[in-house]
1. When the scattering of the range 81-141 is computed by the Debye formula from its Cα atoms alone, each counted once and equally, what is log10 I(q)/I(0) at q = 0.15, 0.17, 0.20, 0.22 Å⁻¹?
2. Taking every alpha carbon pair in the chain, what does the distance histogram look like in 5 angstrom bins from 0, in percent?
3. Of all DSSP beta bridges located in the range 88-208, what percent are antiparallel, nearest 5?
4. What is the range 106-176 by shape, rounded, prolate or oblate, if you read a ≥ b ≥ c off the alpha carbon gyration tensor as root eigenvalues and call it rounded for a/c under 1.5, prolate for a/b larger than b/c, and oblate otherwise?
5. Compare 30, 95, 156 in a GNM of the chain, Cα atoms joined below 10 Å, and give the one with the largest fluctuation.
6. Hey, could you get me the Stokes-Einstein D for the range 138-194, Kirkwood radius over alpha-carbon pairs, 10 °C and 1.306 mPa s, rounded to whole µm² s⁻¹?
7. Gap in Å between the Cα centre of the range 82-98 and the Cα centre of the range 105-150?
8. Taking every pair of alpha-carbon atoms in the range 1-75, give the share separated by more than 22 Å as a whole percent.
Ligand code: ADP
Ligand code: AMP
């Protein structure tokens, strides 16, 4: 099953994707995680995209698509994958059709107010991609990852201004994908306002 998770930043895509990937034994592929990893490692790609991520803009389609084409060609993606944060523009979605098949697109539906609430308390464990929230999904020990005990961090783009801007970018450039995938008959909406367990269960329901 090749799955795409679509929806505004903060809707809970990563939270579900990490757990679903574990349960289903297929990789969770997040373009945002890949870019942040490159920034951390100081690679050439990292240097090219750092400012773009900090400003909440989108990385150019060409670079993003090239990266994903390589990633999806790896053997672990052959039996299925969960895409989180890609595609984010119509040209990316069109390119994806040239090198892979998308079976289902799950749209996370959540209002802006809730998005802001979620992103303002988000904490992440960079190495694993595990996501927490200071209030809604706190770690067992404050500020540390449940599995490794390593420190959690606040993403540099999770500022009030950053969140507002990324929501605008989502509306302008990513929301048109809803119609794109509706036309292909692959889109399914889920209520992302439920608890993490319920959202995961709803996604699994769609896959059955
Ligand atoms: P996305 O990947 O869509 O940007 P995340 O998975 O990073 O979103 O979640 C954003 C924030 O919301 C995180 O702090 C996460 O812990 C929290 N969160 C995720 N799902 C839920 C949920 N169902 N209910 C409440 N908070 C949630
Ligand atoms: P995310 O982790 O999905 O919230 O993404 C963080 C940031 O990475 C975004 O604000 C963009 O700057 C960049 N990014 C992630 N995925 C894409 C994509 N598919 N196309 C362009 N930029 C992306």
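1. Relative scattering, expressed as log10 I(q)/I(0), comes to -0.69, -0.81, -0.95, -1.01.
2. Spelled out bin by bin, the chain gives 1, 7, 15, 20, 22, 19, 11, 4, 1, 0 percent.
3. Given both bridge residues lie in the range 88-208, the antiparallel proportion sits at roughly 60 percent.
4. prolate
5. It is 156.
6. In µm²/s, the coefficient rounds to 107.
7. Measuring centre to centre over Cα atoms gives 24 Å.
8. The proportion of pairs with Cα distances above 22 Å equals 28 percent.
Any read-out appearing in this document is the output of simple, stated calculations on the displayed coordinates, not a laboratory observation. Only a predicted model underlies this, so the values are computations on that prediction, with no experimental measurement involved.
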